[in-house]
Amino acid sequence: MSTVNPRRWWALLVLATAQFMVIMDTSIIGVALPEMQRDLGFSQGDLQWVFNAYVITFGGLLLLGGRLSDLLGARRIFVSGWTVLIAGSVVAAAATTAWVEVLGRAVQGVGGALIAPASMTLLMMLFSHDPRELGKALALYGAAAPAGGTAGVFLGGVFTEWASWPWVFIIYIPIGVATLLATGLLPSVASRRGAIDVLGAASVTAGLALAVFAVVRAPEVGWGAGQTVLELIGAAVLLGLFLAIQRSIKAPLMPLGVWRTPGLAPSNLAMTLLGAAWIPMWYFLNLYLQQVLGYGAFASGAALLPMTGLLMLFMTMVTARLLGRFGPKPLIVGGLFVLAAGLLWLAAVEPTGTFVVDVLPASLVAALGMSLAYIPAMMAAMSGVPQEQAGLASGIVNTTYQVGSALGLAALTALATSQGAGELGDLSALTDGFSAAFLAAAAIAAAGGLLTALLMRGSRSTNGQRAPEPTARPQDESVTTQEAVETV
């Protein structure tokens, strides 16, 4: 049996902080985007690359990060990831041109791709001795992700309004150094032999980047233009090459057999569509608040603070209890439909709207849906996966969420631009574009709820009782996440 680490809850604080910061890096720039656009010369359509440069490298390299964590030791990769993230933050903060800013964001994404799977592996190592403790740890760790994403919106407003936009990146430097100093709390694991699938990592990252680039540029060059078609074909070829590599080599980044794990495919599909709906929502909500309602950076961030409070309250005090009672499927389905309802409400925004009427109630409904769906989807994606595959499962579920975020934002930005969101200064056109994006995001969330209802098997009977448990534990006596889910 695993030795109990007496400092495991302090170590969890380090890991949850890392998760909070990594996900906050996808959102803290949201409120600062208009200022960055003016200072660095981004066009309205290209502005999303400040976000997507991070998400593409983050999502594309997560599987490699998980593999490196398994081979070289999770704590070593955790430390390396923070070192890279700090370096990328320095570049992003010092940028004076658009391309340097995008480069810095991409480097930050590489650091995040190392940190996230290493954190999950370390968490599983710390709490594998007790399914009940593991369930609590996963709930707290899971709450750190959406909380970081939403808190980043508020903090970005604070830094942009009272200092300047580079501070949304500078803040990572002292926090990163403090985290590195606290890594002594984390368990150390010796490295082991194994091959690293560099070609697989390169093909999947390039394929995702090319797909997003094609969708971003399509409104300018045309969806039927030869350039767009060739880019999409190239992306499909690269992603097909990735799958072929995974099937043919001995040590793939993503062993395709892992998809035989019950519930893995539908839960990752739910995570993909959740990211594709949620991330565009806060992106366009920020732009609506600032470019239509005329809010400053701080006011815009503060306007979304109620979402943060609701997310934290439900994630830490409500969702975990509901998960233990009903299992993940009802919460994922219900959460996605509630998110869709909030987005549908946001689609009714007006050029002369107000925060109290047009933003606050709809954003709270959307946040409620996110808080119900995110942790259950993450746990369902890892259910049945033994401890030695925790890094892989974490890499897959984080990848699907980030890929969904990037592709969803690219597609909805293209839609919003075509409906008038590129017409800066024309409040009616801007609102029409943002409304179209909210409506499309609602359709994505609703599709996620419907597909989850159809494809995911429930882990509990209809009367709310626990499903029968296996009579024997696997021979290695490792604790799976499914056991943790059933003891939350």
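Key figures for this structure:
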| quantity | calculated |
| --- | --- |
| Rough spin-label spacing in nm, given labels placed 7 Å along Cα→Cβ, for residue 317 and residue 457 | 3.7 nm |
| Estimated FRET transfer efficiency when R0 is 35 angstrom, pair residue 162-residue 418 (beta carbons, to 0.05) | 0.45 |
| Qualifying trypsin sites (Lys or Arg not before Pro) for the stretch 212-312 [loop in DSSP, other Cβ within 10 Å: at most 10] | 250 |
| When the chain is reduced to its Cα atoms, the Kirkwood hydrodynamic radius in Å | 22.4 Å |
| Added length on full extension, which subtracts the Cα-Cα distance from 0.36 nm per residue, residue 247 to residue 180 | 20.4 nm |
| At q = 0.14, 0.21, 0.22, 0.23 Å⁻¹, base-10 log of I(q)/I(0) for the stretch 36-156 (Debye sum, equal scatterers on each alpha carbon) | -0.68, -1.19, -1.24, -1.29 |
| Chain lengthening between residue 256 and residue 299 when straightened (0.36 nm per residue, less Cα-Cα) | 10.8 nm |
| At 1.002 mPa s and 20 °C, Stokes D of the stretch 197-250 from Kirkwood alpha-carbon radius, µm² per second | 187 µm²/s |
| For the stretch 178-315: span of alpha carbons on each principal axis (Å, largest first) | 56, 54, 33 |
| Of the DSSP H helices in the chain, those whose Cα atoms cover at least 24 Å axially and whose Kyte score averages 1.6 or more | 198-221, 328-346, 360-382, 427-455 |
| 19 Å cut-off, amide nitrogen to a point 7 angstrom out along residue 357 Cα→Cβ, residues in the stretch 266-305 | 288-295 |
| With eigenvalues of the C-alpha gyration tensor scaled by 5 and rooted, the stretch 291-343, Å | 30, 14, 5 |
| Proxy reagent accessibility, fewest Cβ within 10 Å first, across 141, 172 | 141, 172 |
| Computed [θ] at 222 nm, helices only, for the chain once each DSSP H run of length n ≥ 4 contributes -39500 (n - 2.57) | -24000 deg cm²/dmol |
| The stretch 335-449 - Rg over Rh from alpha carbon coordinates, Kirkwood radius | 1.08 |
| If the convex hull is drawn through the Cα atoms of the stretch 295-403, its volume per residue in Å³ | 126 Å³ |
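Throughout, read-outs are computed from the coordinates displayed, never taken from laboratory work. Since the structure is predicted, the reported quantities are computational estimates derived from the model, not experimental observations. Don't worry about glycine lacking a Cβ; one is built from the backbone with ideal geometry, like all the others, and counts go over all protein chains shown.
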